[in-house]
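Chemist: Dropping the structure in here first, questions after.
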């Protein structure tokens with residue numbers, strides 16, 4: 001089904017930029033963007049250079065740079081969660097109750 005038609009049938013659903021652009025993996029891209037946003041925020045708070053951060057995160061500086069600029073294809077959510085762990089953050093995956101809703105099934109929440 002066309003995403004725009006799906007959004008019209010469910011007016012509460014807000015399409016992400018990835019859905020608007022027609023990415024077939026829009027939900028995955030949104031989750032990655034949210035994880036990268038958290039990583040970037042932590043690095044800014046600490047005032048680390050990309051070189052310093054890359055060493056801690058187990059990435060090359062060019063790969064970290066691309067990731068922070070939103071070019072994260074080829075970097076898994078698992079690797080991004082590992083980056084957060086390496087930054088000393090707790091990462092929790094919570095499985096909620098069953099739902100019929102297709103939107104809002106996966107979300108990243110910073111605590």
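Chemist: Please report the base-10 log of the normalised intensity I(q)/I(0) for segment 28-86, using a Debye sum with one equal scatterer per alpha carbon and no solvent, at each q in 0.21 (1/Å).
Modeler: -0.72
Chemist: Still on this structure, please answer the following. So for the pair residue 93, residue 21, with labels modelled 7 Å out along Cα→Cβ, what separation do we get in nm?
Modeler: 2.5 nm
Chemist: Just order 63-76, 31-44 by mean Cβ neighbour count inside 10 Å, highest at the front, would you? The partial results should precede the final answer.
Modeler: Numbers: 63-76: 15.4, 31-44: 17.0.
Listed from highest to lowest mean packing, they are 31-44, 63-76.
Chemist: For residue 55 and residue 28, FRET efficiency with R0 = 25 Å and r from the beta-carbon atoms, rounded to 0.05? Each step should come with its number before you reach the end.
Modeler: Values: r = 27 Å, r/R0 = 1.09.
E(calc), rounded to 0.05, equals 0.35.
FYI, it's all coordinate maths here, none of it is from the lab. Keep in mind it's a predicted model, so treat the numbers as computed, not measured. A quick note on method: Cβ atoms are made from the backbone with ideal geometry, for glycine too, and the neighbour counts reach across all protein chains shown.
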